[in-house]
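Asks: Pasting a structure here, questions to come.
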Amino acid sequence: MVAANEQNKNGILLELEDVHMSFGKVKALNGISLKVRKGQIHSIIGPNGAGKTVMMNVINGLYHPQKGGVFFKGQKINHLKPYVRAKLGLARTFQKVEVFGGMTVLDNIRLGRHIHYKSGILSGSLYLGKSAKEEIEHRTFIEEEIIDLLEIESIRNKPVGMLPYGLQKRVELGRALALGPEILILDEPLAGLNLEEVEDMARFILDVNEEKRWKLTCILVEHDMGVVMDLSDKIFVLNFGNMILDGTPEEVQNNPEVIKAYLGEEDLYSTRG
Amino acid sequence: MDLFLMTIVTGIMVGSIYALVALGWVLIYKCSGVLNLAMGEMTLIGAYVSLSFYSMGVPFLLSLLFSLIIGFVLGILTERIFLDKLIGEPVLTVIMVTVGLSFFFKGIVELIWGTDTQVFTPPVFSIDPIHFGPLVIGRVYLWSFVAAIVLLAIFVSFFKYTRWGLAMQATADDEMAALSLGVSARFVYAMAWAIAFMAAGVGGTLLGNINGLNISVGYLGLLVLPAVVLGGLNSIPGAIVGGISIGILQNLCGAYLDRYFPGAVKEIAPFVFMVIFLFFRPHGLWGWERIERV
């Protein structure tokens with residue numbers, strides 16, 4: 001409990017402590033420690049294969065590290081399954097979109113709301129009093145908060161599998177938001193999007209981070225350095241499972257080791273014209 | 001003409017039993033991608049359980065209910081004991097395990113109930129047929145049909161209208177994403193096996209009422225394959241239409257072709273049909289064709 005209070009006092013929402021994760025002989029994460037503060041956008045960058053997605057999977061519970069601790073609000077969550085962590089308030093999107101292609105946009109988002117339904121199976125299926133009211137509340141939330149925010153009104157009844165990639169990513173974000181999470185893990189939300197879509201997505205991320213309604217803490221894995229530098233409060237640089245630096249965008253930009261490991265000798269802003 | 005009508009009607013009624021079993025099969029396939037080759041033996045177990053209760057003097061409906069409850073428990077146990085550890089392993093491994101399960105179940109049935117044909121005594125349904133105008137229908141067929149339709153309606157509305165149903169669909173579609181949304185895949189798989197076991201048990205009980213019960217009722221598990229192939233492996237309405245069509249097809253072949261090809265035309269017709277059908281519609285009537293934009 002002492003540790004829990006301490007972490008809350010410092011405003012640390014999520015913490016990795018000396019996390020080791022290996023697959024056979026491959027060390028994917030080598031003693032990684034990370035502190036994500038409430039309300040911040042904390043980005044993770046690093047070359048391909050650095051272990052960024054592994055790190056996300058450790059946070060979200062798809063992987064269980066061999067050593068080290070994962071803490072959420074000071075509570076150790078190492079042993080918890082992904083679906084339990086989702087209920088605690090951890091939501092994520094995936095690098096390759098993982099949407100339910102056969103379902104409509106609305107059903108996808110509604111499914112994200114699934115864990116918040118309280119009524120039981122019988123009253124729920126019969127649509128009785130309390131559950132009808134509950135249903136209306138959730139529906140309003142989905143319609144007014146998520147669909148409006150992401151501007152997907154026009155496609156709400158389309159099957160997601162038929163939508164262009166950029167919109168699928170948007171639906172995936174909407175579905176994660178429907179969980180009503182406290183922390184949102186975004187695994188390469190901008191990959192594969194065109195310039196206009198990148199701007200939209202970056203705006204949505206800022207919105208959910210800054211707007212009073214959401215105030216979401218975000219962990220952002222991204223290769224688009226321009227966006228990362230603009231959005232992030234802090235940046236964590238990873239290479240071959242080791243931390244190189246965890247600092248502000250300025251510190252990262254001026255660190256020679258980062259430039260060497262990640263960017264070659266190129267200019268930081270050259271990734272997108 | 002009367003013969004034709006009769007054949008069709010009986011076909012629909014027997015087909016509705018196939019549909020029920022096919023539904024259980026599709027549920028497992030849809031959630032986990034596993035072709036359950038132990039379905040036939042699951043029908044046997046359910047059927048023998050209700051027969052045992054009935055023989056002890058329990059009223060038929062109550063025996064059926066007990067068999068449903070025991071099916072539910074067995075379904076969850078099967079998933080927990082044999083399949084839980086295989087979550088995330090290649091689907092083929094799991095399919096091979098279901099082959100093993102089918103032998104295991106069959107062995108258990110032979111151990112407990114023996115191999116002789118047993119019948120529900122006294123007969124559950126009176127032998128006097130019911131007359132609908134020119135049609136004469138055996139009571140056992142009619143009531144089987146009613147029971148199958150009621151259960152189908154219950155299972156389908158569970159899948160369509162409850163959020164557990166939605167969660168099952170989601171897991172079927174993308175397990176990783178479902179996990180990240182707070183859906184427990186283990187719970188969903190256990191549910192699917194439980195429902196499949198229940199559906200199989202009722203199907204077996206009904207068929208056992210029609211022809212008596214022995215190991216060959218487990219053959220129903222194989223018959224489910226043409227039914228689901230016809231409907232599309234992962235389509236629930238497809239399973240229902242497929243089951244009923246196979247019932248009709250079987251009866252028609254029995255009535256009209258048996259004269260020319262004496263023997264087991266009725267038994268092989270569904271499979272011949274399945275092979276021909278696959279040439280033209282490899283995805284079945286409503287299966288996923290996976291039209292996606294990239």
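Asks: Looking only at helices (runs of 4 or more DSSP H) that lie completely in region A:176-254, which have at least 3 residues being buried (at least 19 other Cβ atoms within 10 Å of the Cβ) and touching a Leu at 6+ places or on another chain (Cβ under 8 Å)?
Replies: Per the criteria, A:195-210, A:225-231.
Asks: Return yes when A:Gln66 is surrounded by fewer than 21 Cβ atoms within 10 Å (Cβ to Cβ), touching a strand residue (DSSP E or B) at 6+ places or on another chain (Cβ under 7 Å) and within 14 Å of chain B (Cβ to nearest Cβ) and no when it is not.
Replies: Judged against the criteria, A:Gln66 is not a match.
Asks: Would you say B:Ala153 is surrounded by 19 or more Cβ atoms within 10 Å (Cβ to Cβ) and either of a type in the set (Gly, Ala, Ser) or touching a helix residue (DSSP H, G or I) at 6+ places or on another chain (Cβ under 6 Å) (or both)?
Replies: When the stated conditions are applied, B:Ala153 does not pass them.
Asks: Return the pairs, sorted by first residue and then second, in which the second residue is at pLDDT 85 or above and of a type outside the set (S, T, N, Q), the first residue lies in region B:140-159 and is over 18 Å from B:Ile195 (Cα atoms), the beta carbons are less than 6 Å apart, and the residues are 6+ apart or on different chains.
Replies: Going by the 6 Å Cβ cut-off, the qualifying pairs are B:Val140/B:Ile210; B:Tyr141/B:Met13; B:Ser144/B:Ile17; B:Ser144/B:Leu206; B:Phe145/B:Met13.
Asks: Looking only at region B:218-237, decide whether some residue is within 14 Å of chain A (Cβ to nearest Cβ), part of a helix (DSSP H, G or I), surrounded by 21 or more Cβ atoms within 10 Å (Cβ to Cβ) and modelled with pLDDT of 85 or more.
Replies: No, that holds for no residue.
Asks: If I ask for residues that are more than 14 Å from chain A (Cβ to nearest Cβ) and over 30 Å from B:Ile127 (Cα atoms), which ones from region B:195-216 would you list?
Replies: Passing the criteria: only B:Ala196.
Asks: Can you give me the number of residues within region B:78-118 that are among the β-branched types (Val, Ile, Thr) and in contact with a strand residue (DSSP E or B) (Cβ under 7 Å, 6 or more places away or on another chain)?
Replies: Qualifying residue count for the region: 1.
Every residue, every condition in (1) surrounded by 12 or more Cβ atoms within 10 Å (Cβ to Cβ); (2) at pLDDT 90 or above, yes or no:
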{"site": "B:Pro59", "(1), (2)": "no, yes"}
{"site": "B:Phe105", "(1), (2)": "yes, yes"}
{"site": "B:Ile108", "(1), (2)": "yes, yes"}
{"site": "B:Thr115", "(1), (2)": "no, no"}
{"site": "B:Gln118", "(1), (2)": "yes, no"}
{"site": "B:Asp128", "(1), (2)": "no, no"}
{"site": "B:Pro134", "(1), (2)": "no, no"}
{"site": "B:Arg139", "(1), (2)": "yes, no"}
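Asks: Any chance you could count how many residues in region A:37-61 are modelled with pLDDT under 90 and either polar (S, T, N, Q) or in contact with a helix residue (DSSP H, G or I) (Cβ under 9 Å, 6 or more places away or on another chain) (or both)?
Replies: Going through region A:37-61 one residue at a time, the tally reaches 4.
Asks: Something else now. Can you give me the number of residues within region A:78-91 that are within 14 Å of chain B (Cβ to nearest Cβ), surrounded by fewer than 19 Cβ atoms within 10 Å (Cβ to Cβ) and either assigned to a loop (DSSP other than H, G, I, E, B) or of a type in the set (D, E, K, R) (or both)?
Replies: Residues flagged as within 14 Å of chain B (Cβ to nearest Cβ), surrounded by fewer than 19 Cβ atoms within 10 Å (Cβ to Cβ) and either assigned to a loop (DSSP other than H, G, I, E, B) or of a type in the set (D, E, K, R) (or both) within region A:78-91 amount to 4.
Asks: Within region A:50-61, does at least one residue satisfy the condition of being within 14 Å of A:Val221 (Cβ to Cβ), more than 14 Å from the chain's Cα centre (by Cα) and part of a loop (DSSP other than H, G, I, E, B)?
Replies: Within region A:50-61, one or more residues are within 14 Å of A:Val221 (Cβ to Cβ), more than 14 Å from the chain's Cα centre (by Cα) and part of a loop (DSSP other than H, G, I, E, B).
Asks: For region B:70-180, which fully contained helices (runs of 4 or more DSSP H) count at least 2 residues that are within 14 Å of chain A (Cβ to nearest Cβ) and charged (D, E, K, R)?
Replies: Counting at least 2 such residues, we get B:163-173.
The values are calculated or read from the model by the stated rules, or taken from the named source; none is laboratory data. These figures come from a predicted structure and were not determined experimentally. Ideal geometry is used to build each Cβ from the backbone, glycine not excepted, and the neighbour counts take in all protein chains shown.
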